[in-house]
Each structure stands twice: as structure tokens, then as C-alpha cells.
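Worksheet: the structure to be examined is printed underneath.
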Amino acid sequence: MNDFQQVLNDTVEVMQHPLESFGALEYSEKLLIVSITFLLIAFYICFDDLLKAPTRAKNATKYYIFEGIKAIPIVRRKLDAEITKVEKDLYTSIHYCDDTNTSYRTLPEEGLSKDKLFELANVYDKMETPAYLEGKVSGAVFSDESNEDEIAIYKEYTAKFAWSNPLWPKLFPGVRKMEAEVVRMTCDLLNGDENTCGTMSTGGSMSILLACLAHRNRAYSKGIKNPEMILPSSAHAAFFKAAEVFNITIIEIPVDKDTYTVSVSKVKNAINSKTAFIVASAPNFPFGTMDDIESISKIALKYDIPLHVDACLGGFLLPFINKEKYGIAKYDFSLPGVTSMSADTHKYGLTPKGSSVVCYRSKEYLHHQFFVQPDWQGGIYASATLEGSRAGINIALCWAGLLFHGRNDYEEKANNIMDATIKIRDGLAKIPEIRMQGKSNICIVSFTSDKIDIHRFHGMLGERGWQLSNLQFPSGVHIMVTLNHTKPGVVDSLLEDCREVVKLIRETPNEKPEGAAALYGMVQKIPDRSIIKTFAHTYLDTCYSMPQGKKLN
């Protein structure tokens, strides 16, 4: 028996007969036993939660291992060198279009004149690339900006409602009414009834955060201290942001490798006493696939668990299409288990950026989103969303945009987008080297390849002006189809370039991807994801950096 085993035996003996046994030990033995006991208690206190949650324990172990590796001087120097290189590359890519050689870093002593500001507006406007109007960009801008009447309407509404703030409904009753009408129109499109309600928000991520907040607060009210949300791995990143902000544990269900939708049985098996709500997508961002919301709705109803349907993409597209023609199943409030939905007006609703809607089946859910501080010295404070003051102009522009387009125009545009999506999907499916990811039958065409480097493919398309989206886990590419892709010749041009790029890759199999394509392919292979966060932080820092050149006062 070794010395350590003997000490453990002595420890057990002390625990059974503490006073008698402890007094008979040597000083060094007493010290060692006390030390071991202290360490065991400390270990239990620090790691008890981790031991109960294997995933968290695994992540924590990986973190400390990688932190130790990065602390090695040679590794640290190499990593710092790579980060410096990334910083330089990002700086160039962010500021490449800025040839003004000037920047404002402090307020001018005297305000600028109207003519000077108009001049600067033209300068800054020219920095923007019009590629999205040519139909070469995935998503980003959903309107084609071609209707002069629509632009004139937005200018008029901006002049009238630029200073409005719905935090003060009696001061700005017009904007208050506009928001209420936008919510009511959205509830109607999503098959809500007279009890369905909601609020506007500044975008899809905020709508998702608000829904998560409401369902978390509802869970708290029911005595769930550590609420969990069950969501597909394909769910929008905003749900992960909400989990971090609102301290919700994520139960992530991987999507099926063939259908790219979440397994209904796995969702059901993940339900427990801590489940606050379930998430499904209509459709999701990476693959454009719709989860089996009808089946999940039945499960949610059976176990009395809220179901949030993220329809930020489909909310203002799916209501206007021929569902039988495109094979679209039910996804909205017509399903009794659906308790909340998010839908973006500033995507396929075609309104200016900065508006979305979050809807609830009834006020019982909505009230958990509200914030009220009844005891504040400034008076009773209540706000419907996370923000206090909000830009009424966003509400006014959204309201005007919805009424300008109307149902018939939405139907025409939605079906054109669906047709373009199907044409892109079918065209890509005919390329032997391309493999589709999911049905790709709504507004996103997602694909990968087992025969060519998909990141090199993405990079070479970029050289031809196509700005598509990179995917990871698994590696892939997708295009989110907008009105700009429905313009004559755009889809044919895309498919022709895709065929040519695939042919070039097959003819030069030994060439390696370069630039962003090489970087994206590399980062997926890095097991320490904190390094990727460092790169991402560098990118965001660069977005707020000032270009080198003369400073203006």
C-alpha cells in the first residue's frame, strides 16, 4: 500500500472517530489530512455545478487546456503575429473605399452648413458599393430601391416623424397608433386572433431577445430557477445571445444530416422540469429549411411548454405564397401550440431597416416581456421593450411601407422570389460537384461539396463579384434570395459563373484557396474557439477604427 492510500485510509478513520483518531496522528499526518480535506471541499464547491453538467465541464476543461497552451511563449508569439496580420488585412478591407484622407475625430467648433453636409452626404454615399442592386449579394438589402414613389414617401415621413418617440404616447399619438396597427396587421398575417398581441422592435435579433426574455420571466413565475430552452443547432445566433444575456441554459439539438431539420423525437426527449420554452424556425438562416413545427406544436401543447417560431425570414414571405404549390406546411398561430413568433418587416416586408415584430398568442405571455418599476423616485416607470426611448421614425417608415405595398404587391414579389429560389436550386443541383443541403425551396439555397473545396469555390465566386454567405459545421455556402435576384438575367448569370468556377477548380485541383477563403477554411479546424473570438473582436474593433489621414476639427 502506498503512502497516499495510507493517508486516505487515515482520513476515513479520522472521519469515523474524529477526536480519538486525530489526536493519535503525527503532526505531518495531521497537516496532510487537513490539506486534503480542504482541497476536496474546495474542489466540490468550485466544480459541483460542472460535474452535474458534463457539457460545461468539458468546455471548462478545454478552456484551461488551451489557455495553458497559449501561455507557452513560442505559441503566444506565433498567435500574436497572426492576430497582427489579421488586423492589417481587416484594416485594408474595411477602409479600402475611403479615399477622403480625412476624418472627424472631435466636434467642430462651429456647426457645418447645410450645403457642406449635403456635400459630405454625397462623399460618404459614394463609399457604398451598389453590388446589392445588381443582384450579386446574398440577403442584406431586400428591396430593389427602384420605386421613386416609395422613396418620396419615406422622405416625407422622415420629415414629419424624425423626432417622435413612442415612450411618450400622449405626445406622439400618431406613432403610437402606427405601432399598434403594424402589430395588428402582422398578427393577422400570422393567423392570430383577437387575443394575439405583441410589440415592434428594432430588428430580428431584438424580437428574438424579447421573446426569450418573456418566456424566461414566465418560467421564473412558475418557480423554474434555472430555465432551459430547447433549440435546433440551426437556430439563429440571437438565441445564443439571449441565453448569455438572460442566463438561460441552451439544450441544443443537432439538425438531421439529411433533412437539415431538427429531430422531433429528440426535442421531446430533451423536455424536463426546467424547460422554459422550445424554438423552431420558419425557415432557419443556414439552410433555409423549416422545422416540423406542426409536430413540435403538439408536443409543446401536451407538456404545456411555450413554442417560439422564429419567422424573421418567413414572416412576410410565407403568408403570400401558394403553399400547396411549394409544399409549405403550417407554421403559425393556426397551430395551437405556437405561443410566440418573430417576423421581420425590414426583410421581406421590404420596409427600411430598423423594424421587426414579436407576437404572442395572448397578453399572458406578452406581459412577461414588459418591464415595470413601480417604486422609482422618478415616478412609475413602464416600458414594453428593453429600450426606453425608441425611434418613432422607424415605426412610421415601417407602417408606410406596409401600406404602400399592400397584399397584392407582396404576393407578386413573394412568388417571384420563390420561383427564383427554385430556379437557383435546380440549376445548382445539376452540377455534379454540388450537393444541396436541405430542400432549399423557400428563400435560401444552401449547398456544399464532397468533391471540391467549397471555400475556394466561395472565394472564386467572390472574385466575380458574387457576395454569398459562408457556412460552417458543415462547411457550405448559401444565397438568400431577394428582389434583386429576380431581375432579368441575374439567376442565369449566377448559375453560369458557378459552373465555370467548378470547372476551373476541377482543372486546378492542387491550387490552394487564398485570402478569406483560406482563412474561413482554416478557422473551422481550430479546436480552440476562443481564438476565433479574438479574430472576431479584432474585426469589430476595426469597424470602429479611424482611417489614417488628416484629422478634421
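Only one of the numbered conditions (1) of a type outside the set (Ser, Thr, Tyr); (2) more than 18 Å from ILE251 (Cβ to Cβ); (3) in contact (Cβ under 8 Å) with a residue 24 or more places away in the chain is violated by GLU194, and that is (3). SER205 falls short on exactly one of the conditions (1) in a helix (DSSP H, G or I); (2) open to solvent by 40 Å² or more (accessible area, probe 1.4 Å); (3) in contact with a helix residue (DSSP H, G or I) (Cβ under 8 Å, 6 or more places away or on another chain); (4) more than 18 Å from HIS346 (Cβ to Cβ), and that condition is (4). Has segment 160-174 got any residue that is part of a helix (DSSP H, G or I) and open to solvent by less than 30 Å² (accessible area, probe 1.4 Å)? Looking through segment 160-174, none of the residues is part of a helix (DSSP H, G or I) and open to solvent by less than 30 Å² (accessible area, probe 1.4 Å). Residues that are outside any helix (DSSP H, G or I) and aromatic (Phe, Trp, Tyr) within segment 89-138 comprise TYR96, TYR104, listed in sequence order.
Of the residues SER297, SER342, SER334, the single one that is modelled with pLDDT of 95 or more and in a strand (DSSP E or B) is SER342. Within segment 212-234, which residues are open to solvent by less than 10 Å² (accessible area, probe 1.4 Å) and either closer than 30 Å to ASN441 by Cβ or touching a strand residue (DSSP E or B) at 6+ places or on another chain (Cβ under 6 Å) (or both)? Across segment 212-234, the qualifying residues are CYS212, HIS215, ALA219, PRO227, MET229, ILE230, LEU231, PRO232, SER234. Taking segment 208-227 as the range and being more than 14 Å from TYR365 (Cα to Cα) and among the hydroxyl-bearing types (Ser, Thr, Tyr) as the test, no residue passes.
Name the single residue, out of those in segment 307-329 being more than 19 Å from GLU411 (Cβ to Cβ) and free of Cβ contacts under 8 Å to residues at least 60 places away in the same chain, that is surrounded by the fewest Cβ atoms within 10 Å (Cβ to Cβ). Among those that are more than 19 Å from GLU411 (Cβ to Cβ) and free of Cβ contacts under 8 Å to residues at least 60 places away in the same chain, it is ALA329.
Taking the criterion of being open to solvent by less than 10 Å² (accessible area, probe 1.4 Å) and part of a helix (DSSP H, G or I), the only residue of segment 428-444 that qualifies is LEU428. For GLY139, the requirement of being among the small types (Gly, Ala, Ser), closer than 15 Å to TRP399 by Cα and surrounded by 13 or more Cβ atoms within 10 Å (Cβ to Cβ) is not met.
Once segment 459-486 is narrowed to residues that are out of contact with any helix residue (DSSP H, G or I) (no Cβ under 8 Å at 6 or more places or on another chain) and surrounded by fewer than 21 Cβ atoms within 10 Å (Cβ to Cβ), the residue that is nearest to GLU433 (Cα to Cα) is PRO474.
The values are calculated or read from the model by the stated rules, or taken from the named source; none is laboratory data. Every value quoted in this text rests on a predicted model; they were computed, and no experiment measured them. Neighbour counts run over all protein chains shown; Cβ positions are idealised from the backbone, glycine included. Calculation scope for accessible area: heavy atoms of the full protein, side chains included, ligands and nucleic acids excluded. Shrake-Rupley method; radii C 1.70, N 1.55, O 1.52, S 1.80 Å.
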